[in-house]
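The values are calculated or read from the model by the stated rules, or taken from the named source; none is laboratory data. Bear in mind the structure is a predicted one, so any value in this text is a computation, not a measurement. Glycine gets a Cβ as well: all are built from the backbone with ideal geometry, and neighbour counts include every protein chain shown.
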Amino acid sequence: MKIVLVTGASSGFGEAICQKLVADGFKVIGTARRFDKLKQLQQTLGDAFLPIQLDVTDKSAIDHLNQLIPDNFKPIDVLINNAGLALGLEPAYAADFSDWEMMVNTNVMGLIYLTRQVLPEMVTRNSGYIINIGSIAGTYAYKGGNVYGATKAFVRQFSLNLRTDLAGKAVRVTNLEPGLCGGTEFSNVRFHGDNDKASSVYQDINYITPQDIANTISWLLSMPAHFNVNTMEMMPVAQTPAGLSVAKHV
């Protein structure tokens, strides 16, 4: 039975991924800052789910993560770097720099530090899969996306470079790049708890759901070991990559 480690497992994509993969027969380690949410999820998923409190911005906590994982949840076959966030939607000249720091520390530093801890064992065993949750924001710029988009562009490039470094090794890497997704806390977090503002983002839109993401990851994990998806971009039908804009009299 393969073992999957999912970060950001307390809600949204992470929660749906844990639910789907346990149903698929995997053993899943779910990590997040909110341990109470993980315990609730464990009550639903049972012994196949191991909850561990973890803040990916805390390097010391990542250093000690392996000590918290019992032998029956080792080794980690799949790492799903899902933990991430967007904060604010102000233009770069008006943004809160502390929001930028938090996004970089979570979306970039947390992801690469945990990957660096897990990857060597996969290389030693010559088996494993790393799935990074990127975003179309790493490819397409939008107003207010500044540092969030930059962090996701980093995740995309880091994923491609991992594959390059893993040439000759049977370790797979995929960067999953969703577009507009609802049913998560993403916009609530971005707008610092303004639920009305967050809900307006998805009003009258048939958006991608966390279950769609979980089903996609389930499909990726079902593919044979010789098959690697480097990047996968997805949007709801309601969303398209808009054309370039031009401002007059500038």
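A few notes on this one:
- Residue in segment 24-36 that is farther than 22 Å from Gly182 by Cβ, over 15 Å from the mean Cα position of the chain (by Cα), free of Cβ contacts under 8 Å to residues at least 12 places away in the same chain and surrounded by fewer than 22 Cβ atoms within 10 Å (Cβ to Cβ) present: yes
- Given (1) closer than 16 Å to Val229 by Cβ; (2) surrounded by fewer than 20 Cβ atoms within 10 Å (Cβ to Cβ); (3) out of contact with any Ser or Thr (no Cβ under 8 Å at 6 or more places or on another chain); (4) touching a residue at least 24 places away in the same chain (Cβ under 8 Å), number of the condition Ile133 does not satisfy: (2)
- Just one of the listed residues (Asn188, Asn146) is touching an Asp or Glu at 6+ places or on another chain (Cβ under 9 Å) and without any contact (Cβ under 8 Å) to a residue 12 or more places away in the chain, namely Asn188.
- Residue satisfying condition, being modelled with pLDDT under 95 and farther than 21 Å from Lys27 by Cα, within set Gly88, Gly138, Gly110: Gly88
- Selection within segment 68-104 - under 19 Å from Ile52 (Cβ atoms) and under 18 Å from the mean Cα position of the chain (by Cα): Ile76, Asp77, Val78, Leu79, Ile80, Asn81, Asn82, Ala83, Gly84
- Test: residue in segment 81-95 that is closer than 18 Å to Ser218 by Cβ and either without any contact (Cβ under 8 Å) to a residue 60 or more places away in the chain or hydrophobic (A, V, I, L, M, F, W, C) (or both): no
- Hey, Met103 in a helix (DSSP H, G or I) and within 18 Å of Arg156 (Cα to Cα) or not: yes
- Those residues of segment 144-186 which are in a loop (DSSP other than H, G, I, E, B), of a type in the set (A, V, I, L, M, F, W, C) and out of contact with any Phe, Trp or Tyr (no Cβ under 7 Å at 6 or more places or on another chain), in sequence order: Leu166, Ala167, Ala170
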